[in-house]
Amino acid sequence: MFQNQCEGLKAFFEPLGFLNIFFDISCGFVVLFNDPFALIFVALAALVGIVFGALPGLTAAAAIAMMLPILIAYNDQIGGLAGLAFLYVIGKSGRYGGSIAAILFNTPGTAASAATMQDGYPMTKQGKAGKALKTATVASVFGDYFGEIVLIFGAVTVAAFTRQFGPPENFAIYLMAFVVIGSVVSDSIIKGVLSTLFGALVGLIGEDIITGQFKMTMGISELESGMALVPLLIGVFVISEVIIQAEKVAKVAIIDTSPKSVDDPEAHYFTWAEFKRCLPLMFRSSFYGSLIGMMPGLGSSVACFVAYGEEKRRSKVKEKWGTGIVEGIAAPESANNAVSGPSMIPLLSLGIPGSTIAAVLIGMFLVNGLQPGPTIFATEPPLFMGGQLISPREFIFAVFAAGLIGIAAYGFIGYFAAPLVGRLISLLPTQYLYPFIFMTALAASYSSRASIWDVAFALFFGIVGYVMRRTNFSAAAFIIAFVLTASMEEAFRQSMIISDKGFFVFTSFEYGGKFSYAPVFLMLGAAVVIFRTISSIRARKETL
């Protein structure tokens, strides 16, 4: 039925030429609304993401890692669109949920909310928790919609350009991504590079794509097909956090946020005057977040501090920042949520995840027969869904439509129920909560392939993740490098086969009779390393 509806939309939009993108997103809404499971899962994801994001220490990536094996197991029953939309919206609402813990508990629920608590918690102590929470909600929704629009218009445009790339360009892009991730994602260049190399090393485990021989399997048959993504994610993001929480004996305390705590009625609302004052700031911060989101590995935690620092620098009342002002919440929340959409652009157009959440979503794409990359909008075969064939392009835009609805859903829940969510979380008995999460994580690890080895791998990488976090190595760089390694190796081997120039195929501006962009990407990667090194040296001199 939705095919007929999409054809009607096409007849309307086709004469408009460059506005055809509106046909795509309109068709995406048609596909989504013809799948009742997907709509239910979008609403559920908005709530689940907020709760997981608000739990101190847990993140949207941890929630997705735990849900992924369940959704894969029941993919045929609920439908691929419902499962992918569920995880995608959790990634969005989870980023917002972190602001609740930052504002009420002075503990960022996620790293992306670390800047928010600098003004959010002081407002809570002043009896203005309601204003702080509503400011965070409005700014998060604003930034998320900004980023989603960038994704909708940007993904297809970039994919159309990258579709002409061959193996040398693809390898150069992967190498550039490795360099950017390793040099920028961590405070220390050395630790960032080592985290990336460690991820690549783990990613090389398994069968050689050319010779068919097994590499680094240590005689374990479960490793012959490579390290499974699910137990690795659960170990690094969930089990490591449980270990960290086990070290903490103090229970988070929440300040009274009821309307009776202060007399001023405006203390509980984000007023229209404040919204107008923050609107230019939210536009700029959303722009920062969108740019950062398109750069692999940086993510929301970088965006929130960039926006906070830049807007504080521009402010005429710098001395008030950190004392409890709405601008100090609106800037980081707009930026960190604006990352969500654009972080999918490198995944969909290049096959490179722009964030850890995007890296996890690769699993659901593959389960549904979709290979993220330049051809996903054009040459992939049609999918069978709801008794009808659907093109990958329609499927992807249905996910975008789910994102747009999911933003409105978590915005509605957050605006009216964020204080309630905070209170419920403060009442949760952590001595039972985290053991329950631990057991659920082990069960999820086992269920992915029904293998006890996967449970052992999850426990091992839980310890690895704990050590990395305690020593300030980058878990994000490790995960993204792990996901990219197989594709990077394949592009390298293909480049060596199709060219007689050897390694010089990556530095030549021509191969196969056409222009090659490979040297351009290599130079961009080198420029990032040089810039990052100079910045690091200057920062070190300033601290001396």
Completion exercise
Those residues of the range 341-355 which are among the hydroxyl-bearing types (S, T, Y) and within 12 Å of I480 (Cβ to Cβ) amount to S343, S355
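Residues are listed down the side, and each one gets a yes or a no for (1) out of contact with any strand residue (DSSP E or B) (no Cβ under 6 Å at 6 or more places or on another chain); (2) crowded, with 24+ Cβ neighbours inside 10 Å; (3) closer than 15 Å to G98 by Cα:
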site	(1), (2), (3)
R284	yes, no, no
F287	yes, no, no
L291	yes, no, no
G299	yes, yes, yes
T323	yes, no, no
V326	yes, yes, no
A335	yes, yes, yes
V339	yes, yes, yes
Handout entry: Residue in the range 233-269 that is modelled with the lowest pLDDT, counting only those that are out of contact with any Gly (no Cβ under 9 Å at 6 or more places or on another chain) and surrounded by 13 or more Cβ atoms within 10 Å (Cβ to Cβ)
Key = V252
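The rows are residues; the columns are (1) in contact with a Cys (Cβ under 6 Å, 6 or more places away or on another chain); (2) closer than 30 Å to F29 by Cβ; (3) at pLDDT below 80; (4) buried (at least 20 other Cβ atoms within 10 Å of the Cβ).
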site: A132; (1), (2), (3), (4): no, no, no, yes
site: I152; (1), (2), (3), (4): no, yes, no, yes
site: S183; (1), (2), (3), (4): no, no, yes, yes
site: G203; (1), (2), (3), (4): no, no, no, yes
site: G206; (1), (2), (3), (4): no, no, no, no
site: I210; (1), (2), (3), (4): no, no, yes, no
Problem - Search result, residues across the range 206-223 that are under 14 Å from F457 (Cα atoms) and in contact with an Asp or Glu (Cβ under 9 Å, 6 or more places away or on another chain) - result: T217, E222
Handout entry: Test: K312 is open to solvent by 30 Å² or more (accessible area, probe 1.4 Å), of a type outside the set (A, V, I, L, M), in contact with a helix residue (DSSP H, G or I) (Cβ under 7 Å, 6 or more places away or on another chain) and at pLDDT 85 or above
Key = yes
Practice task
Could you please tell me which pairs satisfy a Cβ distance under 7 Å, a separation of 6+ or placement on different chains, a first residue in the range 527-544 that is within 24 Å of M176 (Cβ to Cβ), and a second residue that is among the hydrophobic types (A, V, I, L, M, F, W, C) and modelled with pLDDT of 70 or more?
Solution key: V528/V179; V528/V180; V529/V179; R532/I189; T533/I189; S536/I189
Exercise for the section: Kindly indicate whether S487 is open to solvent by less than 20 Å² (accessible area, probe 1.4 Å), farther than 19 Å from I190 by Cα and part of a helix (DSSP H, G or I). Expected result: no
Exercise for the section: Pick out the one residue from P36, P69 that is of a type outside the set (A, V, I, L, M, F, W, C) and surrounded by fewer than 22 Cβ atoms within 10 Å (Cβ to Cβ). Expected result: P36
Fill in the blank from the handout: Given the conditions (1) more than 21 Å from M218 (Cα to Cα); (2) part of a helix (DSSP H, G or I), every one holds for V464 apart from (1)
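The values are calculated or read from the model by the stated rules, or taken from the named source; none is laboratory data. Being a predicted model, the structure only gives us computed values, none of them experimental. Note: ideal-geometry Cβ built from the backbone for every residue, glycine included; neighbour counts use all protein chains shown. In case anyone asks, the SASA skips ligands and DNA or RNA and just uses the protein heavy atoms, side chains included. Shrake-Rupley method; radii C 1.70, N 1.55, O 1.52, S 1.80 Å.
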